[in-house]
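As structure tokens, the structure follows; a few thoughts come after it.
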Amino acid sequence: MSKVKYKIADIGKADYGAKKIEWARQYMPSLCFLENKYRESQPFKGVTVAACLHLEAKTACLLLTLTRLGATVAACGSNPLSTQDDICAALAEGGVNVFSRRGMATGEYMDYIREALSFKPEVIIDDGADVVTLLHTEYQDMIPGVRGASEETTSGVKRLKAMQADGVLKIPVISVNDALSKYLFDNRYGTGQSVWDGVVRTTNMVVAGRTVVVIGYGWCGKGVAMRAVGLGARVIVTEIDPHKACEALMDGFDVMPLEEAARAGDIFLTLTGNINVINKRHFSLMKNGAVLGNAGHFDVEICKPDLEAMADHVERLRDNIDTYVMKDGRRLNLLGEGRLTNLACADGHPIEIMDLSFSLQLEAALHVYANKMPPGVHTVPEETDRAVMESKLASLGIKIDALTPEQAEYMKSWRE
């Protein structure tokens, strides 16, 4: 193995990071199954993989698995506040080239992506599409050497589809986010639990009896609303899609425009992937003490420039909470600088959920490397999606039925 390169906060934190990785690994049976399946064949031998992900313990399990399957891995953090410095140190000790630190500035964040791309990867594992975007804007000469990429976020897939529509996407990218075992479980159950972990851990406030405004009722919004009810909250949903709005209504939630909800809400959570979803119109209507959190990938959903312009001053009485004291005396509390609440303020999705998602990421990386695919956004092969879920059930000791040959034939026939 060539000498590992890294730019991190403190290599001395590696021991504790390794313990956190060991804890996560024992609850990731699907990823361990795939590692054992491919260990002998070493499918990534001689392959360079660049990964831009949330650098915490579960992600580390994926990156170390890639190295054990032969890959040279160059990793950078996909969010300044989701990077865990002890995990970065453990990754560097474990043979991963890693470039990130918690709290990095925007320019530093982009430089770390450039560090990862300097390894000239053949496969990219992306989270938010920043690596693929930078590849197409600053490193176009490297595009012919890239076999493909995978993307695991709704926000990233949106960007990639926009690139495809503009005719500028020059590599194949598998949309892991669109796999059934991703959005049904990661987006719904993972986001649903981890967002509330971040809110409760950071504020130490009770949720029961409060009014929670869930902005966006996609799969992530469904999960957050579902768990809010479990914690005893009253839930208001705001939407722009009439189908999702009607679904929220039939799921038992109040549905109204955000300007109406702004007056009623105690806790506001954005899950849209769009920009300036909560802005000065809404801030001006909110009650004193309102809590604002974001669960979209980028920190653009809650308009921080508006907050700053409207505030007399900003206080920080508790880690990860910026209290904007309005000129009229009201206090609006922003969690995690408007970044991903579940990662900036907690540890991200539960381990067992990410076991599924990272198993999909591994299989997607194998697929784009082993198959010559045309440029564009591609879905995860159905058989891969199903196999990952089957391995998960098997690891839990759960069996399911199978069609008989007669039933399988009947399902393919149009005759009575």
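Points to keep in mind about this one:
- Simple spin-label estimate for Asp254 and Ala402 gives 5.2 nm between the two label positions (7 Å along the Cα-to-Cβ direction from each Cα).
- Between the amide H of Phe99 and those of Lys7, Ala75, Cys76, Gly77, distances stay under 5 Å, these residues lying 5 or more places away or on another chain, with hydrogens modeled in the peptide plane.
- Diffusion of the chain by Stokes-Einstein, at 25 °C in a medium of 0.890 mPa s and with Rh set to the Kirkwood radius over alpha-carbon pairs, works out to 110 µm²/s.
- Full-stretch length increase - Asn276, Ala208 - with 0.36 nm per residue and alpha-carbon distance subtracted: 21.7 nm
- For the chain, the solvent-accessible area works out to 45 Å² per residue, with a probe of 1.4 Å and every protein chain left in place.
- Full-stretch length increase - Tyr16, Ala394 - with 0.36 nm per residue and alpha-carbon distance subtracted: 132.9 nm
- Potential extension, Asp312-Glu40 segment - 0.36 nm per residue separation minus Cα distance: 91.7 nm
- Using θ = phi - 60° and Karplus 6.51 cos²θ - 1.76 cosθ + 1.60, couplings along the range 311-318 (whole Hz; Gly, Pro as x): 7, 6, 6, 10, 10, 10, 8, 8
- Checking the cross-link pairs Lys3/Lys45; Lys58/Lys182; Lys58/Lys399; Lys120/Lys170; Lys5/Lys158; Lys161/Lys392 against a 24 Å limit on the alpha carbon distance flags Lys58/Lys399; Lys5/Lys158; Lys161/Lys392 as lying beyond it.
- In this simple spin-label model, placing a label point 7 Å from the Cα along the Cα-to-Cβ direction at both Ile240 and Lys161 gives a separation of 1.3 nm.
- Surface composition of the range 207-345: carbon and sulfur make up 52 percent of the accessible area, probe 1.4 Å.
- Spacing of the modelled spin labels on Arg331 and Thr137, each 7 Å from Cα toward Cβ, amounts to 3.9 nm.
The values are calculated or read from the model by the stated rules, or taken from the named source; none is laboratory data. Because the structure is predicted, anything quoted here is derived from the model rather than measured. Backbone-built Cβ (ideal geometry, glycine too); neighbour counts: all protein chains shown. Quick note on the areas: whole protein, heavy atoms, side chains included, nothing else; ligands and nucleic acids left out. Shrake-Rupley method; radii C 1.70, N 1.55, O 1.52, S 1.80 Å.
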